Amino acid sequence: MFSNKDITQFANLETPFYYYDLALLQNTLNACADAAKVYNFHVHYAMKANFNQKVLERIKASGYGADCVSGNEVLKAIEVGFGKDKIVFAGVGKSDKEINDALDQDIFCFNVESIQELLVINELATKKGKKAKVAIRINPNVDAHTHHNITTGLDENKFGINSWDLNDCAATLKKCAELEFIGIHFHIGSQITNLDVYKNLCVRINEFAAWFEDRGFVIKVLNVGGGLGIDYHNPDQQIPDFAAYFKIFNDFLEVRPSQEVHFELGRALVGQSSSLISKVLYVKNGKKKNFIILDAGMTELMRPALYQAYHKIENISKAAADVAVKYDVVGPICESTDCFGKEVEMPETERGDLIAIRSTGAYGEVMASRYNLRENVNVAFSEELI
Ligand code: LLP
């Protein structure tokens, strides 16, 4: 929801731009931190969702750890000031350089995704005379019931170590002297809205934890990953139900007093706090279709083209009308998939109107590209518009 003042301010800015509502971001961060505190859960922010400097600073200042998936994310987290003892590093393809850099930084934990990776980390740690803390990322074969392109915890996915390789994994851990096993890690997918999925995950985690303990391993950390979804259809609903989410893990995960439960949330923390603001360049009224052509395209927001993702689209220059027109809302890029929404009902729209594409705080700005030699996308923050 935008105030008239916001909209007047937007008119003075160069479009397209990502608008960040930092007050909403802060409220979301506080809500999640408060809900996690009830159970003493640890939350790492999944940096891949948004690494805008101001956003990262807020998240760090709110006490979160960082979940990284590249060497540069690890270095960025440290530069922003996230505690090294709160940085976890996942990814199926960590390069030697990335592993060496993370070893130099003494991060909290590598979430290891293959047996070969265990051997490489052990070898590189030995050369440095260091010990590496590792958690085993297990692929639990639990269906996240989300879009197949953002599902990560099924047998056919490339992520994690499969159950049939765990014997080999345990033997490798026992023979690698420079690896310190601290626990097990899972992440089954993103934009999960059916919370029952997490009950199924907890059941599997309990089984895997027992399997490791039966073989003499001490599990200190149960890292359950992230994936909590947001309501793209109701962007003004804003703050996800963190209490309900954490309660599931409290109710269904078997946690010993000596164990810590860790989470890696991205989208749920940042998703609703930004909109992509764009201007209508042209309106084409065809026989079969009406098109609104925006100055933003898939280069600024890739999700609809990549995953057929829904984002609510609003004409914020016009009041809602009784009789709406149906438009296909498209961008200027030379690709037919450069479309933000089909048959979107909006008030009659004109060249120059401002269009807000909502819920773009997660996997929006960070996935922008310069395809077609487009400009880097602009950014504006609520607190700077006075
Ligand atoms: N942990 C790991 C190991 C991950 O791979 C991810 C996301 C997360 C945590 C955080 O997931 P979240 O809480 O944000 O769902 N670009 C896609 C989403 C890709 C998610 C990748 N991994 C999209 O725009 O929907």
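The values are calculated or read from the model by the stated rules, or taken from the named source; none is laboratory data. Note that this is a predicted model, so its numbers are computed, not measured. Glycine gets a Cβ as well: all are built from the backbone with ideal geometry, and neighbour counts include every protein chain shown. In case anyone asks, the SASA skips ligands and DNA or RNA and just uses the protein heavy atoms, side chains included. Shrake-Rupley method; radii C 1.70, N 1.55, O 1.52, S 1.80 Å.
Numbers at a glance
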{"item": "Residue ID - farthest from the ligand (Cβ to nearest atom), chosen from residues in the stretch 231-255 that are surrounded by fewer than 14 Cβ atoms within 10 Å (Cβ to Cβ) and closer than 28 Å to Leu13 by Cα", "result": "Asp236"}
{"item": "Only one of Ser336, Ser258 that is free of Cβ contacts under 8 Å to residues at least 24 places away in the same chain, surrounded by fewer than 16 Cβ atoms within 10 Å (Cβ to Cβ) and either among the aromatic types (Phe, Trp, Tyr) or over 30 Å from Asn4 (Cβ atoms) (or both)", "result": "Ser336"}
{"item": "Selection count where residues are out of contact with any strand residue (DSSP E or B) (no Cβ under 7 Å at 6 or more places or on another chain) and of a type in the set (S, T, N, Q), scope the stretch 349-386", "result": "4"}
{"item": "Hits in the stretch 161-189 - residues which are within 14 Å of the ligand (Cβ to nearest atom), open to solvent by less than 10 Å² (accessible area, probe 1.4 Å) and not β-branched (Val, Ile, Thr)", "result": "His185, Phe186, Gly189"}
{"item": "Top-ranked residue in the stretch 9-27 [being polar (S, T, N, Q) and open to solvent by 50 Å² or more (accessible area, probe 1.4 Å); ranked as farthest from Ala61 (Cα to Cα)]", "result": "Asn12"}
{"item": "Residues (of a type in the set (Gly, Ala, Ser) and within 13 Å of the ligand (Cβ to nearest atom)) located in the stretch 295-306", "result": "Ala305"}
{"item": "Tabulated pairs, the stretch 122-147, first assigned by TED's automatic domain parsing to the domain that holds Cys169, second open to solvent by less than 50 Å² (accessible area, probe 1.4 Å) and hydroxyl-bearing (Ser, Thr, Tyr), C-beta under 7 angstrom, 6+ apart or interchain", "result": "Ala144/Thr151; Thr146/Ser190; His147/Tyr307"}
{"item": "Exclusive hit being within 16 Å of the ligand (Cβ to nearest atom) and in contact with a strand residue (DSSP E or B) (Cβ under 9 Å, 6 or more places away or on another chain), set Ala324, Ala309, Ala268", "result": "Ala268"}
{"item": "Residue match in the stretch 202-222 (condition: surrounded by fewer than 18 Cβ atoms within 10 Å (Cβ to Cβ), within 15 Å of the ligand (Cβ to nearest atom) and either not in a helix (DSSP H, G or I) or not aliphatic (A, V, I, L, M) (or both))", "result": "no"}
{"item": "Index of the failed condition, Gly63 passing every other in (1) among the small types (Gly, Ala, Ser); (2) closer than 30 Å to Asn122 by Cα; (3) away from the ligand (no atom under 16 Å from the Cβ)", "result": "(2)"}
{"item": "Selection within the stretch 1-45 - touching a residue at least 60 places away in the same chain (Cβ under 8 Å) and of a type in the set (Ser, Thr, Tyr)", "result": "Thr15, Tyr18, Tyr19, Tyr20, Thr28, Tyr39, Tyr45"}
{"item": "Filter result for Glu57 (open to solvent by 10 Å² or more (accessible area, probe 1.4 Å) and either within 12 Å of the ligand (Cβ to nearest atom) or within 20 Å of Asn100 (Cα to Cα) (or both))", "result": "no"}
{"item": "Subset of the stretch 372-384 that is over 23 Å from the mean Cα position of the chain (by Cα) and open to solvent by 100 Å² or more (accessible area, probe 1.4 Å) - its residue that is farthest from Leu13 (Cα to Cα)", "result": "Leu373"}
{"item": "Output for the stretch 143-152, where each listed residue is more than 16 Å from Val112 (Cβ to Cβ) and either within 11 Å of the ligand (Cβ to nearest atom) or among the hydrophobic types (A, V, I, L, M, F, W, C) (or both)", "result": "Ala144, Thr146, His147, Asn149, Ile150, Thr151"}
{"item": "Residue that is surrounded by the fewest Cβ atoms within 10 Å (Cβ to Cβ) [pool: residues in the stretch 271-293 that are within 15 Å of the ligand (Cβ to nearest atom) and part of a strand (DSSP E or B)]", "result": "Leu276"}
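So that you can scan it fast, the table gives a plain yes or no per residue for (1) under 30 Å from His145 (Cβ atoms); (2) of a type outside the set (Lys, Arg):
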site: Gly229; (1), (2): yes, yes
site: Val280; (1), (2): no, yes
site: Gly286; (1), (2): no, yes
site: Lys318; (1), (2): no, no
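Residue by residue, here is whether (1) aromatic (Phe, Trp, Tyr); (2) outside the structural domain of Leu166 (by TED's automatic domain parsing); (3) farther than 19 Å from Ser163 by Cα holds:
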{"position": "Asn200", "(1), (2), (3)": "no, no, no"}
{"position": "Ala209", "(1), (2), (3)": "no, no, no"}
{"position": "Asp214", "(1), (2), (3)": "no, no, no"}
{"position": "Ile219", "(1), (2), (3)": "no, no, no"}
{"position": "His233", "(1), (2), (3)": "no, no, yes"}
{"position": "Ala243", "(1), (2), (3)": "no, no, yes"}
{"position": "Phe249", "(1), (2), (3)": "yes, no, yes"}
{"position": "Phe252", "(1), (2), (3)": "yes, no, yes"}
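The rows are residues; the columns are (1) touching a Pro at 6+ places or on another chain (Cβ under 9 Å); (2) outside the structural domain of Lys289 (by TED's automatic domain parsing); (3) within 16 Å of the ligand (Cβ to nearest atom).
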{"residue": "Glu343", "(1), (2), (3)": "no, no, no"}
{"residue": "Pro347", "(1), (2), (3)": "no, no, no"}
{"residue": "Arg351", "(1), (2), (3)": "no, no, no"}
{"residue": "Leu354", "(1), (2), (3)": "no, no, no"}
{"residue": "Arg358", "(1), (2), (3)": "yes, no, yes"}
{"residue": "Tyr363", "(1), (2), (3)": "no, no, yes"}
{"residue": "Met367", "(1), (2), (3)": "no, no, yes"}
{"residue": "Arg370", "(1), (2), (3)": "no, no, no"}
{"residue": "Arg374", "(1), (2), (3)": "yes, no, no"}
